[in-house]
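Working notes, beginning with the structure itself.
The values are calculated or read from the model by the stated rules, or taken from the named source; none is laboratory data. Just so it is clear, the structure is predicted and the values come from calculations on it, not from any experiment. Here the Cβ positions follow ideal geometry from the backbone for every residue, glycine too, while neighbour counts run over all protein chains shown. Quick note on the areas: whole protein, heavy atoms, side chains included, nothing else; ligands and nucleic acids left out. Shrake-Rupley method; radii C 1.70, N 1.55, O 1.52, S 1.80 Å.
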Amino acid sequence: ASMSFKPLPVGTFTMGEGNESHQVTLTKAFELGVYEVTQEQYEAVMGTNPSEFKAPQNPVEQVSWYDAVEFCRKLSALPAEKNAGYVYRLPMEVEWEYACRAGTTTKYSFGDRDSQLSAYAWFNQTSGTHSVGKKKPNPWGLYDMHGNVFEWCQDWNSEYPSGSVTDPKRPRSGSIRAARGGGHHCKDSDDCRSANRHWNSP
């Protein structure tokens, strides 16, 4: 099951909210998966499917940060990917928010109205995860950025810089890793907004 990627432009945006907001410029273009990694895709690379809510087209979950990094490593090592020169990794937290906002400055990528969230995100769901790509995409054509499952990022937990930064460097050590984007189990729509930060043990 092949994965779809979207090339994202370089640019400047405001990351965070309120007194944490700061301007970030990204000078290196990158690509991000259009959909969350499905169970079918994960199993094809890793040989296992740890998910609680089993369905081939649902996003893989119950995956540690280490599992996610290993998935990227194994995917990059596949002969076809290696020959094509593709290297896969988790996004930096700054890349994730830049992609999620997709040029917007509002609470969500579609605006500020909580009442619209259910058109774009699976959240407040007791029944578990759902097939990827079934809700509306953000302005850059990326799906499930505000819900379904949280997404691991590369970064250790850190405080935001004060003032504007270009291609921010992240700390080399820490104890918890960034996960972004809200999940099907989030009861509060605020947990799903573009700037919301979530941390977990790797």
Query raised in the report: If you take the residues of the stretch 169-181 that are of a type in the set (Lys, Arg) and modelled with pLDDT of 95 or more, which of them is farthest from the chain's Cα centre (by Cα)?
Result: Arg177
Report task. Would you confirm whether any residue within the stretch 153-168 is at pLDDT 95 or above and within 18 Å of Pro59 (Cβ to Cβ)? Result -> yes
Query raised in the report: Pick from Leu78, Leu90: which is over 21 Å from Asp190 (Cα atoms), in contact with a strand residue (DSSP E or B) (Cβ under 6 Å, 6 or more places away or on another chain) and of a type outside the set (D, E, K, R)?
Result: Leu90
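Yes/no matrix, rows are residues, columns are (1) under 27 Å from Pro50 (Cβ atoms); (2) hydrophobic (A, V, I, L, M, F, W, C); (3) out of contact with any helix residue (DSSP H, G or I) (no Cβ under 6 Å at 6 or more places or on another chain); (4) not in a loop (DSSP other than H, G, I, E, B):
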{"position": "Arg73", "(1), (2), (3), (4)": "yes, no, yes, yes"}
{"position": "Asn83", "(1), (2), (3), (4)": "no, no, yes, yes"}
{"position": "Cys100", "(1), (2), (3), (4)": "yes, yes, yes, yes"}
{"position": "Thr104", "(1), (2), (3), (4)": "no, no, yes, no"}
{"position": "Ser115", "(1), (2), (3), (4)": "no, no, yes, yes"}
{"position": "Asn124", "(1), (2), (3), (4)": "yes, no, yes, no"}
{"position": "Gly133", "(1), (2), (3), (4)": "yes, no, yes, no"}
{"position": "Gly141", "(1), (2), (3), (4)": "no, no, yes, no"}
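So which of Pro202, Pro91, Pro137 ends up being within 24 Å of Gly18 (Cα to Cα) and not small (Gly, Ala, Ser)? Can you show your working first?
On the way: Pro202 fails: within 24 Å of Gly18 (Cα to Cα); Pro137 fails: within 24 Å of Gly18 (Cα to Cα).
Going through Pro202, Pro91, Pro137 in turn, just one is within 24 Å of Gly18 (Cα to Cα) and not small (Gly, Ala, Ser): Pro91.
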Query raised in the report: Among Tyr35, Tyr88, Tyr120, Tyr108, which is the only one that is closer than 26 Å to Lys134 by Cβ, among the hydroxyl-bearing types (Ser, Thr, Tyr), in contact with a Leu (Cβ under 6 Å, 6 or more places away or on another chain) and modelled with pLDDT of 95 or more?
Result: Tyr88
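Based on what the data block shows, is Glu43 surrounded by 15 or more Cβ atoms within 10 Å (Cβ to Cβ), part of a loop (DSSP other than H, G, I, E, B) and of a type in the set (D, E, K, R)? If you could, list the steps in order and put the result at the bottom.
Working: surrounded by 15 or more Cβ atoms within 10 Å (Cβ to Cβ): yes; part of a loop (DSSP other than H, G, I, E, B): no; of a type in the set (D, E, K, R): yes.
Criteria not met by Glu43.
Going through the stretch 1-20 one residue at a time, which ones are in a loop (DSSP other than H, G, I, E, B) and either open to solvent by less than 30 Å² (accessible area, probe 1.4 Å) or touching a residue at least 60 places away in the same chain (Cβ under 8 Å) (or both)?
Step one: list which residues in the stretch 1-20 are in a loop (DSSP other than H, G, I, E, B), which gives 1-4, 9-10, 16-17.
Answer for the stretch 1-20, where residues must be in a loop (DSSP other than H, G, I, E, B) and either open to solvent by less than 30 Å² (accessible area, probe 1.4 Å) or touching a residue at least 60 places away in the same chain (Cβ under 8 Å) (or both): Gly16, Glu17.
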Query - Pick from the stretch 21-40, criterion assigned to a loop (DSSP other than H, G, I, E, B) and charged (D, E, K, R), ranking: surrounded by the fewest Cβ atoms within 10 Å (Cβ to Cβ) - result: Lys28
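Quick one: count up the residues across the stretch 118-130 that are of a type in the set (Ser, Thr, Tyr), open to solvent by less than 50 Å² (accessible area, probe 1.4 Å) and within 12 Å of His184 (Cβ to Cβ).
Here is the first cut: in the stretch 118-130, the ones of a type in the set (Ser, Thr, Tyr) are 118, 120, 126-127, 129.
Filter again for open to solvent by less than 50 Å² (accessible area, probe 1.4 Å), leaving 120, 129.
Okay, now just the ones that are also within 12 Å of His184 (Cβ to Cβ), so 129.
So the answer is 1.
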